1. Sorted by mean Cβ packing within 10 Å, highest first, what order do the peptides 123-134, 154-165 take?
2. For segment 31-182, what % of the accessible area comes from carbon and sulfur atoms, probe 1.4 Å?
3. With every protein chain left in place, what is the accessible area per residue of the chain in square angstrom, probe 1.4 Å?
4. Mind listing the phi-derived Karplus ³J(HN,Hα) values for segment 38-53, rounded to whole Hz, using 6.51, -1.76 and 1.60 with θ = phi - 60°, and x for any glycine or proline?
5. Kindly express, to the nearest 10 degrees and within the range 0 to 90, the angle between helix 93-106's C-alpha long axis and the longest C-alpha principal axis of the chain.
6. Quick one: how many lysine pairs does segment 52-153 have with C-alpha atoms less than 20 Å apart and a gap of 8 or more or different chains? Give me the count, please.
7. So how far, in whole Å, is the C-alpha centre of segment 138-182 from the one of segment 26-90?
8. What relative contact order, as a whole-number percentage, does segment 101-182 give when Cα pairs under 8 Å and 6 or more residues apart are counted?
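The values are calculated or read from the model by the stated rules, or taken from the named source; none is laboratory data. Treat the numbers as computed from the prediction; the structure is a model and nothing was measured. Don't worry about glycine lacking a Cβ; one is built from the backbone with ideal geometry, like all the others, and counts go over all protein chains shown. Areas reflect the complete protein model, heavy atoms only, side chains present, ligands, DNA and RNA absent. Shrake-Rupley method; radii C 1.70, N 1.55, O 1.52, S 1.80 Å.
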Amino acid sequence: MSQLKNRLIEELIEREGGYVNDPSDRGGETMYGITLKTARAHGYQGEMKSLPYEMAFHIYQTTYWAPLKLDEISLHSEALTEQLFDFGINSGVAHAAKALQTTLNVMNNRQTLYVDLKADGIFGSRTLNALGKFLTHRKRKGLKVLTETVRGLRIAFCIDIAINDESQEKYQFGWISRIVEL
């Protein structure tokens, strides 16, 4: 397992903290940022306060890291890897993948670099290939712009949550601070 993966998962678990059960949080009861629903889907039947650290680590690795192909992304950029990983955890893997796909499409100069992707949130070989072609053409500056655009879409996603559900406004400053500081 890569050092980057270990470090990012460990930092995430630390950032998420321990047990939380805020009734107004749509995520519900959590431990290390893992929701009760996710823990149950992975076979955990105990109290959330007792969720083992190792299980949380495994869930982050299998449910969030692997589907976003972050081992492959990390070969190109630690910053993009970290943004996509955190985005996937906070907003869902499909939203993170769709943000990357959409960004790659709009920066494709009318499909002159690659065939536009179906922005479906499914991260597969076409998305990886498009990313590779984008980076070959746009180089380091393109990588920075791509990463910051994904960050911007994360912020817009959070704002949309509060626009559609005023009760979620109480989390906005924390959510957006987390994205900006990452």
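1. Working: 123-134: 17.6, 154-165: 14.4.
Packing order, densest peptide first, comes out as 123-134, 154-165.
2. Details: 4430 of 8050 Å².
The value for segment 31-182 is 55 percent carbon and sulfur by accessible area.
3. Working: 9860 Å² over 182 residues.
About 54 Å² of surface per residue is accessible.
4. For segment 38-53, the Karplus-derived couplings read 5, 4, 5, 4, 9, x, 6, 10, x, 5, 4, 4, 9, 4, x, 3 Hz, x marking Gly and Pro.
5. 20 degrees
6. Total qualifying Lys-Lys pairs in segment 52-153 comes to 10.
7. 19 Å
8. Details: 48 pairs, mean separation 18.6, N = 82.
Across segment 101-182, relative contact order equals 23 percent.
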